[in-house]
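Following: one structure in structure tokens, then a few remarks.
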2 protein chains.
Amino acid sequence: MARWQPDAPQRLALAALELFEERGYEQTSVIDIAERAGLTKSTFFRHFRDKREVLFGGETMSARVAGAITAAPATATALEAVAAALDAAGREAFTPDRRDFSLRRRAVIAAHPELQERDALKGLAITAAMTTALQQRGVPTLTASVTAQLAALAAAIAYGRWSDPANTDDYPTLARRALHEVRAAAVQDPR
Amino acid sequence: MARWQPDAPQRLALAALELFEERGYEQTSVIDIAERAGLTKSTFFRHFRDKREVLFGGETMSARVAGAITAAPATATALEAVAAALDAAGREAFTPDRRDFSLRRRAVIAAHPELQERDALKGLAITAAMTTALQQRGVPTLTASVTAQLAALAAAIAYGRWSDPANTDDYPTLARRALHEVRAAAVQDPR
């Protein structure tokens, strides 16, 4: 147990998901989660600051999308940079082998107000991280904010389609399509 | 104490704000808030479902903005309908006599992660309420979603400007200006 556990965050998240499904969020303790994962409570708190955080992977996603925006070619537009960010998010969380986990996670969040709140705050943090990363590329503040908002909306639409059982497209394809649609809707005269 | 208290929600919110400022959110109980307001715990729970909710006025704001969108003239565009929603929000919460309360409330929320989470979820609920109200006017789903997102961003920008001590414009004026700027930024080719 003392040795380094490289997959500890994933094991803890899966254990938490199972327990939240089985007995609910309130009835599950951090100790329960650590035990189910075969890890200790102190390992839990090395990776997550509280019980709510276990399904949200710490700051991983914000860092991932901001990193992708920063790494986009200097010639990329703001829209191209956020498209790269959605690709990166997809590679992180929305791969075929993560599909079952992702859908179960979404259902558990929807069933628990405490998790909905954390999810909402994480969403704002990701949008803020995209805005800041765009500004650091020299994108004007307002354009950065608007582009990040549209990207967040596109990500939500793409996720909805990706989680549809009938869907066969991968997440990056869906994300780019949604971004294109959202941009088109923003540009048209709104009636 | 048994008689009807029409201003109970406002009194409870102000009492909570004072206590959160004085001793912090964690160190304040619902009973403390009710006592400070000269009301009972059961009156508190008649208006708010938990301690977090006391600074968020129940579902008032979502209902208010959705109502304004529904009431906008049939000829109004989606953008004009959300402009009317921001006007209504301003009349509800961002009047000159509510300015001090509003700024103190914002500072207390920023200082408490629990309140930030509830605030984030409320923001999503308001955006969702605007989206639904637009759809009910016949606005296509994607346009409704995009317009509501842009309105939410404009509202945040307008609030920031309204709360600036140097500002002399009223909230509806600031909101319409921000909505115009956000829309212009969305339409331009994003570089």
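Derivation of every value follows stated rules applied to the coordinates shown; laboratory data play no part. Only a predicted model underlies this, so the values are computations on that prediction, with no experimental measurement involved. Here the Cβ positions follow ideal geometry from the backbone for every residue, glycine too, while neighbour counts run over all protein chains shown.
A label point on B:Gly160, set 7 Å along the Cα-to-Cβ line, lies at 2.8 nm from each of its counterparts in the other copies, closest listed first. Dividing the summed helix terms, -39500 (n - 2.57) for each DSSP H run of n ≥ 4, by the number of residues in chain B produces a 222 nm estimate of -23000 deg cm²/dmol to the nearest 500. In loop segments of region A:2-82 as defined by DSSP, the chymotrypsin sites (Phe, Trp or Tyr not before Pro) with at most 14 further C-beta atoms inside 10 Å of their C-beta are A:Trp4. When you restrict to C-alpha pairs under 8 Å that are six or more residues apart and normalise by the size of region B:1-88, the relative contact order lands at 23 percent. Between B:Thr70 and A:Gln136, the FRET efficiency estimated from the beta carbon spacing at R0 = 41 angstrom works out to 0.50. Structural descriptor for chain B: relative contact order 20 percent, calculated from alpha carbon pairs under 8 angstrom and at least 6 residues apart. Peptide B:118-124 has a mean of 6 when you count, residue by residue, the C-beta atoms of other protein chains within 10 Å of its C-beta. Distances, shortest first, from the label point of B:Ala184 to those at the same position in the other copies read 2.7 nm; the point lies 7 Å along Cα to C-beta. Straight-line reach from B:Lys122: taking Cα to Cα under 17 Å and skipping same-chain neighbours fewer than 8 places apart, the aspartates and glutamates in range are A:Glu114, A:Glu117, A:Asp119, B:Asp50, B:Glu53, B:Glu59, B:Glu92, B:Glu114. Charges were assigned to the Cβ only: +1 to each Lys and Arg, -1 to each Asp and Glu. The resulting dipole of chain B about its Cα centre is roughly 300 debye. Shape analysis of the protein assembly as shown places it in the oblate category; the axes a ≥ b ≥ c from the Cα gyration tensor give an a/c of at least 1.5, with a/b not above b/c. For the options A:Thr75, A:Thr147, A:Thr95, a Gaussian network treatment of chain A with springs between C-alpha atoms closer than 10 Å singles out A:Thr75 as fluctuating the most. Taking every full run of DSSP H in chain B, the ones that stretch at least 27 Å from end to end by Cα along their long axis and average -0.5 or higher on the Kyte-Doolittle scale are B:113-136, B:141-162. Does region B:111-173 come out rounded, prolate or oblate, given a ≥ b ≥ c as the square roots of the eigenvalues of its C-alpha gyration tensor, rounded meaning a/c under 1.5 and, failing that, prolate meaning a/b above b/c? Verdict is oblate for region B:111-173.
Label-to-label distance for B:Ala110 and A:Val187 is 3.7 nm, based on points extended 7 Å past Cα in the beta-carbon direction.
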